[in-house]
Every structure is written in C-alpha cells, then in structure tokens.
Amino acid sequence: MSTENTTTDLKAEIVKAIKLVYDPEIPVDVYELGLIYEINIIPPLNKVHILMTLTSPSCPAAEIIPDEIKQKVTEIENVNEVEIELTFDPPYATDMMSEAAKLELGFM
C-alpha cells in the first residue's frame with residue numbers, strides 16, 4: 001500500500017474519531033460544526049497535527065473539547081502522537097458548518 005493511500009485511510013479514521021466529539025451545548029459533532037480547520041499527518045511517525053477553533057474564545061468547553069479530540073485520535077491504531085493547536089484566526093462563523101449541521105440546527 002502506498003504512503004498516500006495509508007495517509008488517506010488514516011485521515012478518514014481521524015475524521016471518524018473527531019465526529020464522536022460534540023460541543024456539550026450543541027447537538028452536532030465538532031467536525032460538522034466546522035471547528036476543525038486542518039488535519040495534518042506527518043509520516044513516517046504518524047504524528048497528527050490538528051488545527052481547530054472553538055465557537056468563541058470564551059467557550060465553556062474550551063478545555064474539554066480539544067482534550068476529548070486528542071483522546072479519540074490517540075486511540076487510533078498507527079497514530080503515535082497528537083498535537084492540537086487552537087486558533088481564532090479566522091474567527092468561527094456559522095457558515096463554516098456543514099449542510100447537515102445547518103439543517104440539524106435550523107439554519108436552513
């Protein structure tokens with residue numbers, strides 16, 4: 001299997017794991033909410049770097065959500081290290097949500 005296929009498969013697993021994490025105040029997972037800006041896998045060590053934001057800098061779940069994402073992604077076989085980087089640039093906006101999330105929350 002090529003490295004590109006392995007990375008693509010691993011990225012799909014990472015997305016699946018992230019979709020298990022929900023903002024406690026919103027009934028939509030953080031991936032569909034648009035909180036994940038980038039997922040980078042650095043081979044051959046399979047170190048995962050996730051660039052993400054929160055719905056606001058004062059989000060009450062600011063410590064819980066990144067820790068839960070890190071825990072879920074760390075549980076994936078072949079992932080050796082997970083680094084979560086929080087950013088507020090660009091600031092979160094509801095247009096970052098997937099169509100499914102917008103439907104669930106009544107934005108469509």
Scope region 61-93; condition over 18 Å from residue 16 (Cα atoms), surrounded by 13 or more Cβ atoms within 10 Å (Cβ to Cβ) and either of a type in the set (Lys, Arg) or out of contact with any strand residue (DSSP E or B) (no Cβ under 9 Å at 6 or more places or on another chain) (or both); matching residues
61, 64, 92
Considering 11, 72, which residue is among the charged types (D, E, K, R) and free of Cβ contacts under 8 Å to residues at least 40 places away in the same chain?
11
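Do the conditions hold for residue 19, that is, is it in contact (Cβ under 8 Å) with a residue 24 or more places away in the chain and touching a strand residue (DSSP E or B) at 6+ places or on another chain (Cβ under 6 Å)? Before the answer, list the steps.
Values: in contact (Cβ under 8 Å) with a residue 24 or more places away in the chain: no; touching a strand residue (DSSP E or B) at 6+ places or on another chain (Cβ under 6 Å): yes.
So residue 19 does not fit the description; no.
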Filtering region 14-60 down to residues that are of a type in the set (A, V, I, L, M, F, W, C) and assigned to a loop (DSSP other than H, G, I, E, B), which residue is surrounded by the most Cβ atoms within 10 Å (Cβ to Cβ)?
35
Residues (hydrophobic (A, V, I, L, M, F, W, C), modelled with pLDDT under 95 and farther than 15 Å from residue 80 by Cα) located in region 34-55:
54
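The values are calculated or read from the model by the stated rules, or taken from the named source; none is laboratory data. These figures come from a predicted structure and were not determined experimentally. So basically every Cβ, Gly included, is an ideal-geometry build from the backbone, and we count neighbours across all protein chains shown.
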